[in-house]
Amino acid sequence: MQASLAFVLIAVFAHGYAHATEPAPRTFRVWVFADAHVGTDKQFGRESLATALRQSESPTGFDWDIALDLGDVSGAQGTPKDAEGEEVVRQFNVLERHRREQIYDVSGNHDRSGLDEPQAWWWRKWIDPTGEHTEFSGVDSGKRPYPIEGTWERYSFRVGNLLFLMMSDINEPTQKIGRGTLGGNPGGAVSGETFRWWKRMVEENPSSIVITGDHYVLKDTTVASGEWEGMRHDEKGGWKSWYHGYYPQGTPQGASFLYWVDSREDSHVFEDVLAAKSPVALWLGAHTHTVPDDTYGGKSHIEKKWGTTFINVAELTQYHGVPENQVPRSWLLTFTEGSDEVKARCYLHSDKYAPQGWYDKVGRTIKLPMPFRMRPRRD
C-alpha cells in the first residue's frame, strides 16, 4: 500500500515538474505607430518620435521585435525639406536596445515631395527602407532582421508564416494640384503597379497570414473613413477641416481613405479583392488623428470587414491638427506560437487623455485565419 502511494506521489510530482519546466510558447511582438509629424511637434518643443522610442525601451515600457512605421513622419504642410529629415534621423538614433533596421517604414501623404520634384525624394533619402541612401538615413539593408524584397514604393518581408505587404503613398500623377502647390491633398494614392503587386502576393500566398501596412485604411472600415467623414459642416452648411484639411480644389470627399488607385478615383479595387474572400488577416493604417474611443460614422479604430481586421493606429503627434483630436499613442501586436489569435494593445505616450501607459479599454484579441508559426511550410 505504501509502495503504491509512493509511486503515485512520484508520478504526480514528475508530471507537475515536467509541465512546470516546459518553456512558454514563443511570442513575436510587432509595434505599430504612425503620424509622428516630427517637424510640427518640434516647433512646440516636443520630440514626438524620440519620446515614443525612449518610452518603449524604458523600464515601464514594452519590448518589441520589429516595428512598423506607417508614415507621415514629416509635419510639413508644403513639402518636406532636408532639415526635417536630419531631425527625423536624429530622433531615430535615440534607440539603445534596438537597431534602426528593426523599424519598417512606408510613406504617408505628408512625406510626399512636390509634383515638380523627383517622386518621394525626401522620404527615399531620409527614411529609406531599401537602404539606397545609407549615408543620410543610416539604414543598412544588410542589417534587417527580416530581409525585404521590393522597392521603396512597395516591398514585402516574412516572419515565419507572417507575410507583410508594405505600400507607400505617392503623388497621384493625373493631379495638377497636390503636395506643394496645394499644401497637401489628403486622399491616399497608390500606383496600379503597386495594387497589382499586392493582389498577386495575396493570391499566391494562401498559407500565409497576410498583413498589409499602408498609411491609409480602406473606405468605410474604421473611424471616420467614409466619404466626406474627414470634414465637418460649418455654421453656413459648407465644409471645413476637422480630421483632415479641407482643400476644395483637391478631393476632400476621399481625404480619410485610400482614394486613388491607378489614377482612378474611389476605385474600390482593393475592396473588390477582399470581398472575393482573399485571405488578408490584418490591414494596418493610420492618417486619421482622433481620440482612442472615437466611433465617428459608427466605426471604431478596430473593425472587421470582408474577413479582414482593420486597425487605425492613429498618431504619435500631439500638435498636428485640431488640438482635441491629438492623443499620442501606438499599438503592440503580440503573436504567439501555435495560436490563431493576436493580442492588440493600445499604449498612450502622454497623459493628455488618460494616464500614460496601456489603455486596455480599446484593446482586442483578434482571430487569425490560421495559427502563427515561426517555421512555416512553403506555399
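The values are calculated or read from the model by the stated rules, or taken from the named source; none is laboratory data. Given the structure is predicted, the values throughout are model-derived calculations rather than measurements. All Cβ positions, even for glycine, are placed from backbone atoms using ideal geometry, and neighbour counts span all protein chains on display. The accessibility values were calculated without ligands, DNA or RNA, using every heavy atom of the protein model including side chains. Shrake-Rupley method; radii C 1.70, N 1.55, O 1.52, S 1.80 Å.
Structure data summary
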item: Which numbered condition Val210 fails, given (1) surrounded by fewer than 18 Cβ atoms within 10 Å (Cβ to Cβ); (2) in contact with a Pro (Cβ under 7 Å, 6 or more places away or on another chain); result: (1)
item: Pair list, Cβ under 8 Å, 6 or more apart: the stretch 200-211 residue closer than 17 Å to Val269 by Cα, other residue among the small types (Gly, Ala, Ser) and surrounded by fewer than 23 Cβ atoms within 10 Å (Cβ to Cβ); result: Met201/Ser156; Val202/Ser278; Glu203/Ser278
item: Within the stretch 81-133, tally of residues that are open to solvent by 60 Å² or more (accessible area, probe 1.4 Å), in a helix (DSSP H, G or I) and under 25 Å from Leu165 (Cα atoms); result: 2
item: The stretch 223-243, residues that are open to solvent by 10 Å² or more (accessible area, probe 1.4 Å) and either of a type in the set (Lys, Arg) or touching a residue at least 40 places away in the same chain (Cβ under 8 Å) (or both); result: Glu229, Arg232, Lys236, Lys240, Ser241, Trp242, Tyr243
item: Cβ-Cβ under 6 Å pairs, at least 6 apart or on other chains, the stretch 293-307 side in contact (Cβ under 8 Å) with a residue 40 or more places away in the chain, far side open to solvent by 70 Å² or more (accessible area, probe 1.4 Å); result: Ile302/Arg364
item: Lys176 at pLDDT 95 or above and either in contact with a Cys (Cβ under 9 Å, 6 or more places away or on another chain) or basic (Lys, Arg) (or both); result: no
item: Answer residue from the stretch 27-67, given it is among the hydroxyl-bearing types (Ser, Thr, Tyr) and not in a helix (DSSP H, G or I) and is nearest to the chain's Cα centre (by Cα) among those; result: Thr27
item: Residue check for Met201: open to solvent by less than 10 Å² (accessible area, probe 1.4 Å), under 30 Å from Phe28 (Cα atoms) and not in a loop (DSSP other than H, G, I, E, B); result: no
item: Which numbered condition His215 misses (of (1) over 23 Å from Arg154 (Cβ atoms); (2) open to solvent by less than 40 Å² (accessible area, probe 1.4 Å)); result: (1)
item: Verdict on Trp260 being closer than 17 Å to His215 by Cβ, open to solvent by 10 Å² or more (accessible area, probe 1.4 Å) and part of a strand (DSSP E or B); result: yes
item: Yes/no for Gly187 being surrounded by fewer than 23 Cβ atoms within 10 Å (Cβ to Cβ), touching a Ser or Thr at 6+ places or on another chain (Cβ under 8 Å) and more than 19 Å from Val273 (Cβ to Cβ); result: no
item: Any chance Asp272 is of a type in the set (Asp, Glu), surrounded by fewer than 17 Cβ atoms within 10 Å (Cβ to Cβ) and in contact (Cβ under 8 Å) with a residue 40 or more places away in the chain; result: no
item: Test: Gly184 is at pLDDT 95 or above and of a type in the set (Gly, Ala, Ser); result: no
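The rows are residues; the columns are (1) modelled with pLDDT of 95 or more; (2) open to solvent by 30 Å² or more (accessible area, probe 1.4 Å); (3) farther than 21 Å from Tyr216 by Cβ.
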| site | (1), (2), (3) |
| --- | --- |
| Trp306 | yes, yes, no |
| Val313 | yes, no, no |
| Pro328 | yes, no, no |
| Phe335 | yes, no, yes |
| Asp340 | yes, yes, yes |
| Cys346 | yes, no, no |
